[in-house]
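Read-outs: derived from the displayed coordinates by stated rules, not from any lab. In this text the structure is predicted, and so the values were computed from the model without any measurement. Don't worry about glycine lacking a Cβ; one is built from the backbone with ideal geometry, like all the others, and counts go over all protein chains shown.
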Amino acid sequence: MRSLVNIWFALLGMRTNKLRSSLTILGVIIGVGAVIMIVSLGNGLRRATELEMEAWASGTVEVRAQMWGPVFVEMEAIARDMNVVSGSVDELRLKGMPPTEYQPRGLQANDVEALRKLATSMVEVVPQIETYAQVVYQGQYLPAGNVTGVTPEYLQVYRSEMKYGRFISAEDDSTAAAVVVLDETLVDYAMGQGVNPVGQILHLTVEEVPQNYMIVGVVAKRKGIQGIAPRPVLVPLRSAQLRLNTGAKNQVHLLAARVDSRVPRERQYAVAEINTILRARRGIAPGAQADFWVQDTLEFSEERLRIIRTMTLVLSLIAGISLVVGSIGLMNIMLVGVAERTWEIGLRRALGAQRGDILVQFLAEGVTLALAGGVGGLALGVGGSYAGSRLVTQLRDLATLSPDVFVIALGVSLIVGVVASIYPAWQAAALPPTVALRSG
Amino acid sequence: METREAPSIVRMDGVGKVYPMGRIRVHALRDVTLSIRQGDFVAVVGPSGSGKSTLLNLIGCLDLPSEGTYQLLGRNVQSLKDNELSRLRGEGIGFVFQDYSLLRRFDALRNVELPHYYVHGRANHGRALQLLSEVGLAGRAAHKPTELSGGEQQRVAVARALMNSPFLLLADEPTGNLDSKSGRELIDLLQRLNAELQLTMVMVTHDPSVSSRAHRVIHLQDGQIVDDRLQESAGLPPDAALGAG
């Protein structure tokens with residue numbers, strides 16, 4: 001009750017010097033606003049990066065077979081034996097040397113089975129074939145060259161959803177059906193926004209022989225993707241192996257496994273588990289070089305996120321300088337206010353005010369000014385970051401309104417208020433009543 | 001006089017007050033011994049710098065003596081903590097200052113209520129309005145000090161001093177800033193309060209027409225009491241007192 005009265009006195013005190021109070025508040029507004037702008041744009045940047053990384057790699061762990069390197073060296077050695085100085089795989093093939101028997105093993109259906117049965121750290125795994133073909137739709141080349149052969153698990157592994165039609169079914173895969181599923185980004189770009197091409201025919205041209213495929217579905221576009229998605233054209237895995245002449249009749253190029261954890265340690269465990277299972281199944285001796293790579297696609301994005309976090313922190317610190325300037329202004333004004341109202345303090349003390357009353361009154365004044373600055377700064381920061389994300393192309397749609405921004409605004413301004421006014425308030429409370437009265 | 005037999009409110013024994021002024025120590029008061037009883041109307045007079053205000057500050061517990069003992073209502077003031085002194089001032093002592101000392105941003109009502117906030121933590125409009133009407137300002141409760149004349153402002157200050165029903169009212173040159181008519185009216189008011197409420201009053205003044213209205217005049221010089229006498233003519237209007245002299 002007593003404190004409430006003192007807070008009321010503080011509010012009345014502020015009203016008498018509106019211009020000074022407003023300027024003080026402005027200082028805090030700019031400080032808090034700057035911090036919030038940086039934090040909210042930083043959060044946005046981080047979120048955008050997360051979305052982008054998830055959109056491209058979807059947070060999968062990828063296993064990639066070694067398709068060249070040691071193999072090529074091996075062939076080079078053979079070529080030297082055969083008095084062929086050197087040459088690429090194609091040159092060797094042209095010279096009539098069948099490279100098939102030297103081809104690496106790639107990844108096989110058995111590997112997929114082993115992972116599905118033994119690995120506990122992953123949700124699902126999808127084998128993939130990556131190949132190239134010219135994509136022709138209604139006589140026009142579509143701006144997409146890579147065609148990916150996948151199994152129905154693709155949707156689950158890449159957390160994707162259908163926009164139109166259906167996805168590749170198990171039956172499509174086992175019968176190597178001539179069906180194709182497109183990504184919405186490709187459809188939007190090449191056929192126009194909102195066009196539903198399901199049921200249309202598409203040509204995939206491999207070695208100048210066009211093949212007819214029926215479009216059975218469109219995968220919905222993912223948030224964060226700019227331009228055309230990384231896997232715009234999907235066909236059944238078996239179709240890719242058998243029809244698209246990939247030279248890998250029983251092999252796959254890539255396994256993508258979904259690991260649902262975002263905890264780095266759990267993801268490292270998943271990578272280690274995949275390594276162990278595949279090395280055992282493929283009979284690779286301990287210590288020997290594996291003929292495959294396991295890579296956590298999130299690792300790269302984690303690194304990027306770390307950089308963004310550091311950047312945000314550094315920028316926040318710089319923005320924090322303006323907050324410090326604002327709070328010094330507040331402290332200065334509070335000191336001036338105490339000096340100016342020394343007489344009033346003496347009078348209040350003569351009329352029965354205790355030191356605590358005076359302390360609370362001036363503390364409340366400082367905290368109220370700072371909180372007003374905090375609320376204003378919140379408005380400025382949120383408004384500013386939204387304006388920034390609309391006006392500046394590089395920052396487009398980056399602003400995010402997260403609850404921590406409110407906590408920062410109010411918490412920081414509360415701290416600023418207390419820190420900046422505790423000393424002036426203490427000074428006011430410590431004034432002896434007679435000294436204070438004499439100053440009038 | 002029956003007031004002589006009343007209990008002693010203020011009792012000072014060998015009180016001195018020393019202020020350090022740089023390297024020298026200045027005795028503002030020296031060996032002051034006095035007793036003020038309930039219902040007394042005391043005027044403290046003397047040339048400026050004689051220690052009048054210092055004495056009043058000591059009596060009002062705004063400052064503590066550096067020598068001697070001071071008992072207020074039988075309690076040793078020097079042994080009280082700062083918060084207890086604040087409480088004692090708020091509950092028991094009313095102050096009236098030369099410059100009225102009203103808060104400009106508060107209207108008359110809030111100014112009168114101010115001591116009540118500090119003692120009881122809440123407003124008391126009823127009592128404040130009643131006091132304002134007692135000092136003749138019934139219709140001025142909502143006026144700010146700047147909208148009141150000097151005499152009216154000083155009467156608001158008197159109402160404020162009475163807010164918590166004090167046992168002691170201290171006035172430091174209450175008529176110093178007032179014209180003679182307003183000053184006379186204010187002293188009439190103080191005298192009436194003294195008579196009706198048996199309110200003990202100590203008033204610092206250098207105006208003989210004001211001090212002549214007190215029951216008792218204490219004369220200070222160089223920090224020491226040089227004269228302390230009762231006045232026969234006390235209570236009469238100044239013209240009558242002059243006539244009688």
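Inspection of segment B:16-23 finds no residue satisfying the criterion of being under 23 Å from A:Leu431 (Cβ atoms), within 12 Å of another protein chain (Cβ to nearest Cβ) and assigned to a loop (DSSP other than H, G, I, E, B). The condition (being closer than 22 Å to A:Lys223 by Cβ and in contact (Cβ under 8 Å) with a residue 24 or more places away in the chain) is satisfied by just one residue among A:Thr148, A:Thr131, A:Thr175, A:Thr120: A:Thr148.
Answer yes or no as to whether B:Leu109 is surrounded by 19 or more Cβ atoms within 10 Å (Cβ to Cβ) and either away from chain A (no Cβ under 11 Å) or part of a strand (DSSP E or B) (or both). Steps first, answer last, please.
On the way: surrounded by 19 or more Cβ atoms within 10 Å (Cβ to Cβ): yes; either away from chain A (no Cβ under 11 Å) or part of a strand (DSSP E or B) (or both): yes.
It is true that B:Leu109 is surrounded by 19 or more Cβ atoms within 10 Å (Cβ to Cβ) and either away from chain A (no Cβ under 11 Å) or part of a strand (DSSP E or B) (or both).
When B:Gly94, B:Gly90, B:Gly51 are checked against the criterion of being at the interface with chain A (Cβ under 7 Å from one of its Cβ atoms) and either closer than 25 Å to B:Gln153 by Cβ or not hydrophobic (A, V, I, L, M, F, W, C) (or both), B:Gly90 stands alone in meeting it. Inclusion of B:Asp82 among residues that are within 18 Å of A:Ala429 (Cβ to Cβ) and within 12 Å of another protein chain (Cβ to nearest Cβ) is warranted. Here the condition is being more than 22 Å from A:Val435 (Cα to Cα) and of a type outside the set (A, V, I, L, M, F, W, C); of B:Tyr70, B:Tyr117, it holds for B:Tyr117 alone.
Evaluating B:Glu152 against the criteria (1) surrounded by 16 or more Cβ atoms within 10 Å (Cβ to Cβ); (2) over 22 Å from B:Glu196 (Cα atoms); (3) more than 14 Å from chain A (Cβ to nearest Cβ) leaves one unmet condition, (2).
Residues of segment B:88-104 that are over 22 Å from B:Lys52 (Cβ atoms) and surrounded by fewer than 23 Cβ atoms within 10 Å (Cβ to Cβ): B:Glu91, B:Leu103, B:Arg104. Going through (1) over 26 Å from the mean Cα position of the chain (by Cα); (2) more than 14 Å from chain B (Cβ to nearest Cβ); (3) farther than 30 Å from A:Asn110 by Cβ; (4) surrounded by fewer than 21 Cβ atoms within 10 Å (Cβ to Cβ) one by one, A:Asp291 falls short only on (3). Checking each residue in segment B:134-149 for being more than 13 Å from chain A (Cβ to nearest Cβ) and assigned to a helix (DSSP H, G or I) picks out B:Glu134, B:Ala138, B:Gly139, B:Arg140, B:Glu147.
So which residues in segment A:218-240 are in a strand (DSSP E or B) and touching a Leu at 6+ places or on another chain (Cβ under 8 Å)? Scanning segment A:218-240 gives A:Val218, A:Val219, A:Val233, A:Leu234, A:Val235. On the stretch given as segment A:105-143, residues that are part of a strand (DSSP E or B) and over 30 Å from A:Arg262 (Cβ atoms) total 9. If only residues of segment B:166-176 that are within 13 Å of chain A (Cβ to nearest Cβ) and closer than 23 Å to B:Ala138 by Cα are counted, the one that is surrounded by the most Cβ atoms within 10 Å (Cβ to Cβ) is B:Ala171. Among the residues making up segment A:1-54, those that are of a type in the set (Ser, Thr, Tyr) and either within 14 Å of chain B (Cβ to nearest Cβ) or touching a Pro at 6+ places or on another chain (Cβ under 8 Å) (or both) are A:Ser3, A:Thr16, A:Ser21. Close Cβ contacts (under 7 Å, 6 or more residues apart or on different chains) running from residues in segment B:54-74 that are more than 9 Å from every other protein chain (Cβ to nearest Cβ) and outside any loop (DSSP other than H, G, I, E, B) to residues that are surrounded by fewer than 22 Cβ atoms within 10 Å (Cβ to Cβ) and of a type in the set (Gly, Ala, Ser) comprise B:Glu67/B:Gly14; B:Glu67/B:Gly16; B:Gly68/B:Gly14; B:Gly68/B:Gly16. No other residue among B:Tyr118, B:Tyr100 is closer than 25 Å to A:Arg15 by Cα and part of a loop (DSSP other than H, G, I, E, B) apart from B:Tyr100.
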